[in-house]
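A.B. asks: First, the structure itself, so that you have it in front of you.
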Amino acid sequence: KIEIDIFKSLTSIKDKEHMYTIIELLKDINNKNKPIDLLNKFYSEFSKYNNSDGKSLGIVLTPHHIVRLMTEILNINSNDIVLDLCTGTGSFLLEAYKYGPKEIIGCEYQHKLYTLFKCNIIIKGIENYILIKGNCFENIFKSTKSLINPPYGTKQNNELEFIIKQIESLENEGECCAIIPIGRVLNNKSNNKYKKIILDIAVLKYIIICRESIFYPNASVGCVIVYFKKIKNILDNMTGIIDYRNDGYVL
């Protein structure tokens with residue numbers, strides 16, 4: 001079920017034996033601990049010691065309590081199609097799957113992370129999914145709920161461009177959450193052109209301020225969770241602002 005080129009780096013018999021052993025270990029641990037997203041934990045630990053992915057690709061994996069919070073906010077049910085445009089190891093979609101949606105859809109550009117999520121899907125025996133390897137801006141999606149943690153600070157796309165794509169991919173009255181650097185909600189020329197596009201097609205229901213060390217030790221950037229509903233022409237919308245800096249966790 002996994003494209004064969006994913007394993008092209010395994011050139012020796014020893015490499016293949018090690019990979020087989022790891023897969024067997026993962027399956028065994030998963031069978032005993034179904035709720036745990038083991039591959040996400042593994043990659044998070046790996047990236048702490050080899051941070052080349054985070055620095056070069058803008059990859060910062062989302063802490064589980066933030067994943068859980070964003071998923072709960074959306075109130076996912078059996079009628080929903082849940083989309084993540086920047087799937088990573090799949091933490092958002094795996095959490096959303098616990099609520100029994102009709103379908104989950106993931107899109108991931110990076111080969112390594114796509115592989116991890118594909119393995120996750122297989123290990124957990126999930127059937128009703130669509131997973132696309134490629135650039136989310138070059139694909140068309142249709143969903144009712146969406147969650148993303150977009151790449152930060154890359155040259156190719158601003159984080160707000162991912163939110164525009166996310167909202168455009170929603171059905172009318174669909175809802176979405178994104179966690180982005182706090183600088184993207186501030187007023188400046190660069191941000192405002194994207195914010196105008198966003199607020200022409202959706203309302204901003206909540207801004208949730210997260211602690212500054214939310215991505216420690218892989219990144220030190222202040223972030224907010226933004227929560228949108230796709231409704232046009234709402235002039236009297238009120239936006240709630242929630243201070244979640246004291247989230248109960250300690251370093």
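The values are calculated or read from the model by the stated rules, or taken from the named source; none is laboratory data. Bear in mind that the values here come from a model prediction, so they are computed numbers and not experimental data. Don't worry about glycine lacking a Cβ; one is built from the backbone with ideal geometry, like all the others, and counts go over all protein chains shown. With ligands, DNA and RNA removed, areas are computed over all heavy atoms of the protein, side chains included. Shrake-Rupley method; radii C 1.70, N 1.55, O 1.52, S 1.80 Å.
A.B. asks: Filtering segment 119-160 down to residues that are of a type in the set (Gly, Ala, Ser) and part of a loop (DSSP other than H, G, I, E, B), which residue is farthest from THR62 (Cα to Cα)? First the steps, then the outcome.
C.D. replies: If we filter segment 119-160 for residues that are of a type in the set (Gly, Ala, Ser), which is where we start, we get 125, 134, 143, 146, 153.
Filter again for part of a loop (DSSP other than H, G, I, E, B), leaving 125, 134, 153.
On the way: GLY125: 23, GLY134: 21, GLY153: 16 Å.
Among residues in segment 119-160 that are of a type in the set (Gly, Ala, Ser) and part of a loop (DSSP other than H, G, I, E, B), the one farthest from THR62 (Cα to Cα) is GLY125.
A.B. asks: Looking only at segment 59-78, count every residue that is part of a loop (DSSP other than H, G, I, E, B) and open to solvent by less than 40 Å² (accessible area, probe 1.4 Å) and tell me the total. Step through it out loud before you land on a result.
C.D. replies: Applying the first criterion (part of a loop (DSSP other than H, G, I, E, B)) to segment 59-78 yields 59-63, 74-78.
Filter once more, keeping what is open to solvent by less than 40 Å² (accessible area, probe 1.4 Å): 59-63, 74, 76.
Number satisfying all stated conditions: 7.
A.B. asks: In the list ILE105, ILE81, which residue meets the criterion of being under 25 Å from VAL226 (Cα atoms), open to solvent by 20 Å² or more (accessible area, probe 1.4 Å) and among the hydrophobic types (A, V, I, L, M, F, W, C)?
C.D. replies: On the way: ILE105 fails: open to solvent by 20 Å² or more (accessible area, probe 1.4 Å).
After applying the criteria, what remains is ILE81.
A.B. asks: Test of understanding: among ASN135, ASN149, ASN157, which residue is under 24 Å from LYS230 (Cβ atoms) and touching a residue at least 60 places away in the same chain (Cβ under 8 Å)? First the steps, then the outcome.
C.D. replies: On the way: ASN135 fails: touching a residue at least 60 places away in the same chain (Cβ under 8 Å); ASN157 fails: touching a residue at least 60 places away in the same chain (Cβ under 8 Å).
From the options ASN135, ASN149, ASN157, the qualifying one is ASN149.
A.B. asks: I would also like to ask the following. Tally the residues that are closer than 16 Å to VAL203 by Cα and either out of contact with any helix residue (DSSP H, G or I) (no Cβ under 8 Å at 6 or more places or on another chain) or open to solvent by 30 Å² or more (accessible area, probe 1.4 Å) (or both), restricting the search to segment 120-160.
C.D. replies: 1
A.B. asks: Select from segment 192-212 the residues that are open to solvent by less than 40 Å² (accessible area, probe 1.4 Å) and in a loop (DSSP other than H, G, I, E, B) and list them in ascending order.
C.D. replies: Answer for segment 192-212, where residues must be open to solvent by less than 40 Å² (accessible area, probe 1.4 Å) and in a loop (DSSP other than H, G, I, E, B): just ALA202.
A.B. asks: Next question, about the same structure. Suppose we keep only residues that are among the charged types (D, E, K, R) and not in a strand (DSSP E or B) within segment 161-179. Which one would you say is most open to solvent (accessible area, probe 1.4 Å)?
C.D. replies: So in segment 161-179, the residues among the charged types (D, E, K, R) come out as 161, 165, 168, 171, 173, 175.
When the remaining residues are screened for being not in a strand (DSSP E or B), the result is 161, 165, 168.
Details: GLU161: 50, LYS165: 30, GLU168: 102 Å².
The qualifying residue most open to solvent (accessible area, probe 1.4 Å) is GLU168.
A.B. asks: For segment 94-101, check the following and say yes or no: at least one residue is at positive phi, assigned to a loop (DSSP other than H, G, I, E, B) and open to solvent by 10 Å² or more (accessible area, probe 1.4 Å).
C.D. replies: Keep residues of segment 94-101 that are at positive phi, which gives 100.
If we keep only those that are assigned to a loop (DSSP other than H, G, I, E, B) too, we end up with 100.
Keeping just the survivors that are open to solvent by 10 Å² or more (accessible area, probe 1.4 Å) gives 100.
Yes, the conditions are met somewhere in segment 94-101.
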